[in-house]
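Here the structure is laid out as structure tokens; the discussion comes afterwards.
The values are calculated or read from the model by the stated rules, or taken from the named source; none is laboratory data. The structure displayed is predicted, hence computed values, not measured ones. Note that each Cβ is placed from the backbone with ideal geometry, even for glycine, and that neighbours are counted across all protein chains shown.
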């Protein structure tokens, strides 16, 4: 079934509330969520090039909007880059867009995907789920906001390790119990049901 714009936003919001905030995977997320400063936008792009155009629009829009009204943007892409390797390749173009717009050091692009896989892990490794969103998603952040959040959070450098520990304790059954994902069924086969092992491509951990 076709994923509607509202469905993509609702699924993403539920994932944010139950997984990202509920498991405290990102200690900075709750504040902007409660204040209504997260902008959810769904790209109907069906190609990487079309998504890149939408990304440029949203980068400019975030920069032009006061942080109090829009501190961060989640650009959700339900219609393209379903394959994680293709999505990973696209990230180089996303980073180049930042450079072309002279926004490096001003904005940052984090990445989330239903089949996200950290380098050196198995596809079914539960720790990959810290970055697994219902749909391919680009998270646009302000560098100033990141700096303030890090300054306010003691031992921010330990977040990644704590997240790995949280996921190990949660396990596959615990994640499934959260009830996050695509409300109409995800075309991505869950790596938790697979026995295959695969090496993920190198990429930045954000």
Any chance residue 140 is in a helix (DSSP H, G or I) and either free of Cβ contacts under 8 Å to residues at least 12 places away in the same chain or more than 26 Å from residue 1 (Cα to Cα) (or both): no
Boolean, residue 130 is within 22 Å of residue 81 (Cα to Cα) and in contact with a helix residue (DSSP H, G or I) (Cβ under 6 Å, 6 or more places away or on another chain): yes
Boolean, residue 119 is closer than 21 Å to residue 41 by Cα, touching a residue at least 40 places away in the same chain (Cβ under 8 Å) and either in a loop (DSSP other than H, G, I, E, B) or touching a strand residue (DSSP E or B) at 6+ places or on another chain (Cβ under 7 Å) (or both): no
Residue in the stretch 154-199 that is modelled with the lowest pLDDT, counting only those that are touching a helix residue (DSSP H, G or I) at 6+ places or on another chain (Cβ under 8 Å) and in a loop (DSSP other than H, G, I, E, B): 184
The stretch 26-65 - residue that is crowded, with 19+ Cβ neighbours inside 10 Å, assigned to a loop (DSSP other than H, G, I, E, B) and modelled with pLDDT of 95 or more and, of those, nearest to the chain's Cα centre (by Cα): 43
Test: residue in the stretch 80-101 that is in contact with a helix residue (DSSP H, G or I) (Cβ under 7 Å, 6 or more places away or on another chain), more than 28 Å from residue 2 (Cβ to Cβ), touching a residue at least 60 places away in the same chain (Cβ under 8 Å) and surrounded by fewer than 17 Cβ atoms within 10 Å (Cβ to Cβ): no
